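Below is one structure, written out as structure tokens; the observations come after it.
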Amino acid sequence: MGRQPVVSLEDRVPQLKERRKKRANRRLIFVVLLFVLLILIILYFQSPYSKIQTIEVEGSNLMQSNVIIDSSRINEGDSYWGTDANRAEESIMNLSEVKKAVVEKKFPTTLMIQIEEYKQVAYIRHDQQFIPLLENGASSLPVAANEISAHAPLLIGFPPEGMLENMTKQLAELPSEVQESISEIHYTPTETDQSHITAYMNDGFEVSALISTFADKMVHYPSIVSQLDPDVKGVIDLEVGSYFRAYETMGGAEEEESNEIETEG
């Protein structure tokens, strides 16, 4: 067998020292980098860049943005990483106007709140202000006369409970084009029916109906008025069937001309 070369201890010592030096240097670099990283993390969490600086709200029409932000219980300056978006969504959903809420954090410092509101279906008058009524039966904050939407009718004379709630539910079932064609709805009970109402339309017609069947009957309104002369105004009776009574003034007295109207379906 061949003989293995013999390495003297004096030759190996420099190699061992060099290895140990490199190993120590690597450890030192690791410790320094770790220390720098910790310092940067501490500085970050103490800086404004770790906090919410901007809160944006989208989808709000009935409510002011500050009301939604307040309900989220999140403020500018709160910790970005400590903010619980799910808890904020639950808080916002306590607002009667909110149908859906989504809260998202957008790095580095923005919080986005997106909401979907319940549809506004009518107004009621209170003193000099108007209270919006929503499709879920709830009401929103009062608005001034110049803030009223033209897409929702004014309800007049309805008792605060029962009939008003039922009327709101009926309006919520209407197609938008029909709902937006109504100017006012008056509560006009009769001796034989406490649910009788009179609706005044934007096109000048008047509708006599019952609360309980209002949505089912009014869905045919576009088809009904298409059969009528737009220059001859009168009452469209939807209580039982569909009838039109035209107004004709003769010698100061009002006469009515009644015609049955066909409805689809």
- line: If we ask which residues in the stretch 41-79 are touching a Pro at 6+ places or on another chain (Cβ under 9 Å), at pLDDT 95 or above and surrounded by 18 or more Cβ atoms within 10 Å (Cβ to Cβ), their number turns out to be 0
query: Restricting the first residue to the stretch 224-238 and requiring it to be in contact (Cβ under 8 Å) with a residue 12 or more places away in the chain, which pairs with a second residue that is acidic (Asp, Glu) meet a Cβ separation below 6 Å and a spacing of at least six or different chains?
result: Val235/Glu206
task: May I ask you to say which residue of Phe205, Phe214 is without any contact (Cβ under 8 Å) to a residue 60 or more places away in the chain and in contact with a Lys or Arg (Cβ under 7 Å, 6 or more places away or on another chain)?
output: Phe205
Search result, residues across the stretch 228-257 that are modelled with pLDDT of 50 or more and touching a Gly at 6+ places or on another chain (Cβ under 9 Å): Leu228, Pro230, Lys233, Phe244, Arg245, Ala246, Tyr247, Glu248, Glu257
- prompt: In this structure, is Ala152 in contact with a strand residue (DSSP E or B) (Cβ under 6 Å, 6 or more places away or on another chain) and modelled with pLDDT of 95 or more?
  reply: no
- prompt: Can you tell me which residue in the stretch 82-117 is farthest from Glu135 (Cα to Cα), limited to those that are surrounded by 15 or more Cβ atoms within 10 Å (Cβ to Cβ) and among the basic types (Lys, Arg)?
  reply: Lys105
task: Select, from Glu147, Glu184, Glu191, the only residue that is under 16 Å from Tyr123 (Cα atoms), of a type in the set (Asp, Glu), without any contact (Cβ under 8 Å) to a residue 24 or more places away in the chain and in the same structural domain as Leu133 (by TED's automatic domain parsing).
output: Glu147
message: Taking the criterion of being closer than 30 Å to Gln179 by Cβ and out of contact with any helix residue (DSSP H, G or I) (no Cβ under 9 Å at 6 or more places or on another chain), would at least one residue in the stretch 70-90 satisfy it?
response: no
query: Can you tell me which residues in the stretch 164-185 are in contact with a Leu (Cβ under 7 Å, 6 or more places away or on another chain) and of a type in the set (Asp, Glu)?
result: Glu184
- prompt: Would it be correct to say that Glu10 is acidic (Asp, Glu), modelled with pLDDT under 80 and not in a loop (DSSP other than H, G, I, E, B)?
  reply: yes
field: Matching residues, the stretch 226-242, being part of a strand (DSSP E or B) and either under 29 Å from Gly162 (Cα atoms) or under 32 Å from the mean Cα position of the chain (by Cα) (or both)
entry: Val235, Ile236, Asp237
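The values are calculated or read from the model by the stated rules, or taken from the named source; none is laboratory data. Quick caveat: nothing in here was measured; it's all calculated off a predicted structure. Positions of Cβ are backbone-derived with ideal geometry, glycine not excepted, and every protein chain shown enters the neighbour counts.
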